Amino acid sequence: MALKTNSDGRTRSSVQIFIVAGLCCFFYILGAWQRSGFGKGDSIALEITKNGADCNIIPSLSFESHHAGEAGKIDESESKPKVFKPCHPRYTDYTPCQDQKRAMTFPRDDMNYRERHCPPEEEKLHCLIPAPKGYVTPFPWPKSRDYVPYANAPYKSLTVEKAVQNWIQYEGKVFRFPGGGTQFPQGADKYIDQLASVIPIKNGTVRTALDTGCGVASWGAYLLSRNVLAMSFAPRDSHEAQVQFALERGVPAVIGVLGTIKLPYPSRAFDMAHCSRCLIPWGVNDGKYLMEVDRVLRPGGYWVLSGPPINWRNNYKSWQRPREELEEEQRKIEEVAKLLCWEKKSEKGETAIWQKRVNTDSCGDRKDDSHATFCKSDEADAVWYKKMEACITPYPDSNNADGAAGGELEPFPKRLYAVPPRIASGSVSGVSVEAYEEDNNKWKKHVNAYRRINKLIDSGRYRNIMDMNAGLGGFAAALESPKLWVMNVVPTIAEKNTLGVIYERGLIGIYHDWCEGFSTYPRTYDLIHAHGVFSLYDGK
């Protein structure tokens, strides 16, 4: 089903929506097909094809009403489809919960005004967001990594503001992204090579990464060629359209900030976390921002900090900051890192790398530290609009004194279909190993069917894909390809919290409540998968 939006009759964008559901005869055929395997429902389909849409050829199928009471007359005026008109062109980049005008009414303390602030019901728009004039289909991957059509995100301020740092350049009708950054003027690839001399990026040990204050997400863009999937985030318009550029490039990103509420990711999600001059004050508020990074960092994972205050002795003049201030900033960071029991693996140039210990036993000294305040262990994944606290998330239990708390992970790509530790340990109530494997088989069949119906799925045309109700991540796993990535969304009202399982498979995702706007710009996904999401919110 294609939904197309016109903008004053000039431009049009589309999004493909697959919904695993069915009506009339199709529902019956799909049910038989799922129960019996591919091809077994062909005879039924053939009969229906021959006889048009007459479902009476299937005598066992009843279409009598299952509702009590009489069906009244249909009011033709109510049966007409509802038409949503285009919004005013000024809303072309409207993001409901990160609207700039609304954001400015909230406190500046701890970046509160940059966080999600969704409009109340009476302020919600009931119109379709128009595409900008001249909007065109994005370039396919991998060309989109380096080039974005100017018409799709017509904002030039970064080409001036970051001109000497090679973030972005304007060349005629396109933007070009040379792969530079404030802390990697020689390019993201060479910067990643430096990290890979310390961090095992090549062998699949590091698969998921978090980039805080990502800019235009060149770090994440260049990690993709090394089979590392980065979740990049930055606040809206700290630098104009940075997250929008990231998504236009085909790089995973959301609008977000480390402020007053927890990040919308489960505990032990990422193999690596990264800050390249991201302007986050890591040492303030009793170290709560580093403690939040620690929460989402997997045991044995790595944290990378590039830029101030690292190597302040040699750089305080070029940074135009007092050396005493920078020295104190690094002292506080080192102090919190010690409290978290991180081990510094490297400090070279302006880049420092720490590694999180693998379990509690390897961090014995911390037990006697009176400064260590621990969070409640059962709240590690309770994050939706929950206040960030200056407390340390405890390690999960480990049966192996030398093993990683929470369970060992296979290197990627073995990780994709290996039994996730959360399921093997019974941490996800009601999901057994057998149920996990059945779910994988089901989604392999469904995705094969999708591919037969929609030939564009594997063509490179679809780069950014979303699964609105991701479950165990089976849809994304079956689609796994260097041509695309999937944002796995676990609704906050889902019966089971499965996002940790998704990350253990080497996939990425986010918590979200679909009664609110998603933290992204318009027109950022090529395909949206909505299995079961409407039933989940029925009556809500």
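Shape call for segment 409-539 from the C-alpha gyration tensor, a ≥ b ≥ c root eigenvalues: rounded (a/c under 1.5), prolate (a/b greater than b/c) or oblate? Verdict is oblate for segment 409-539.
The listed residues SER306, SER398, once ranked by accessible area (1.4 Å probe) with the largest placed first, stand as SER398, SER306. Using a cut-off of 11 Å between beta-carbons, work out the net charge of the residues near ASP381 (Lys and Arg +1, Asp and Glu -1, ASP381 not included). Computed value for this residue: +3.
Could you tell me which of HIS117, THR105, HIS88 has its Cα farthest along the dipole of segment 84-126 towards the positive end, charges placed at Cβ (Lys, Arg +1; Asp, Glu -1), taken about the Cα centre? Towards the positive end, the residue furthest out is HIS88.
Summarising the label geometry, the points placed 7 Å from Cα in the beta-carbon direction at ASP397 and THR137 lie 5.5 nm from one another.
Available extension along the chain between LYS80 and GLN100 is 3.6 nm, counting 0.36 nm per residue and deducting the alpha carbon span. Only Lys, Arg, Asp and Glu carry charge here, each on its Cβ (+1 for the first two, -1 for the last two); on that basis segment 375-490 has a dipole of about 900 debye about its Cα centre.
Take THR260, THR205 and sort them by solvent-accessible surface of the protein heavy atoms, 1.4 Å probe, largest at the top.
Listed by decreasing accessible area, they come as THR205, THR260.
Dipole orientation for segment 179-407: of the candidates ALA246, ALA269, ALA337, ALA246 has the Cα lying most toward the positive pole (charges on Cβ; Lys, Arg +1; Asp, Glu -1). Placing unit charges on each Cβ (+1 for Lys and Arg, -1 for Asp and Glu) gives segment 409-539 a dipole about its Cα centre, and among LEU479, TRP443, TYR521 the Cα reaching farthest toward its positive end belongs to LEU479. With a ≥ b ≥ c the root eigenvalues of the C-alpha gyration tensor of segment 103-149, is it rounded (a/c under 1.5), prolate (a/b larger than b/c) or oblate? Cα axes put segment 103-149 in the oblate bin. With each label modelled as a point 7 angstrom along the Cα→C-beta vector, the THR492-ALA196 pair spans 4.0 nm. Only protein atoms count toward the accessible area here, which uses a 1.4 Å probe; on segment 84-126, the carbon and sulfur part of that area reaches 55 percent. Database remark: amide H of ALA230 closer than 5 angstrom to the amide H of ALA209 (H placed geometrically; neighbours at sequence offset of 5 or more, or on other chains; Pro and chain starts carry no H).
Work out the length of the dipole vector of segment 84-126 about its Cα centre, built from +1 on the beta-carbon of each Lys and Arg and -1 on the beta-carbon of each Asp and Glu, and round it to the nearest 20 debye.
Details: 8 positive and 8 negative charges, 42 e Å.
Around 200 debye, computed over segment 84-126.
For segment 102-114, backbone phi angles converted through the Karplus equation (6.51, -1.76, 1.60; θ = phi - 60°) give residue-by-residue couplings of 6, 4, 5, 8, 9, x, 7, 4, 6, 6, 4, 5, 8 Hz, Gly and Pro being listed as x. For TRP219, the accessible surface of its heavy atoms amounts to roughly 0 Å² (probe 1.4 Å, protein chains only, rounded to the nearest 10). Taking a ≥ b ≥ c as the square roots of the eigenvalues of the Cα gyration tensor, segment 98-186 is oblate, since a/c reaches 1.5 or more and a/b is not larger than b/c.
Under a 5 Å amide H cut-off, with hydrogens placed 1.01 Å from N, HIS512 pairs with VAL490, THR492 among residues at least 5 apart or on other chains. The magnitude of the dipole of segment 179-407, with charges of +1 and -1 set on the Cβ of Lys/Arg and Asp/Glu and taken from the Cα centre, is near 400 debye. In this structure VAL428 has an accessible area near 10 Å², from a 1.4 Å probe over the protein heavy atoms.
Largest first, the residues ARG90, ARG523 sort by 1.4 Å accessible area into ARG90, ARG523.
Ignoring ligands, DNA and RNA, what accessible area per residue does segment 409-539 give at 1.4 Å, in Å²? Kindly include the intermediate steps, with their values, before the conclusion.
Details: 5040 Å² over 131 residues.
On a per-residue basis, 38 Å².
The values are calculated or read from the model by the stated rules, or taken from the named source; none is laboratory data. Only a predicted model underlies this, so the values are computations on that prediction, with no experimental measurement involved. We place every Cβ from the backbone using ideal geometry, glycine too, and count neighbours over all the protein chains shown. Each accessible area value is taken on the protein alone, full model and side chains, heavy atoms only, with ligands, DNA and RNA left out. Shrake-Rupley method; radii C 1.70, N 1.55, O 1.52, S 1.80 Å.
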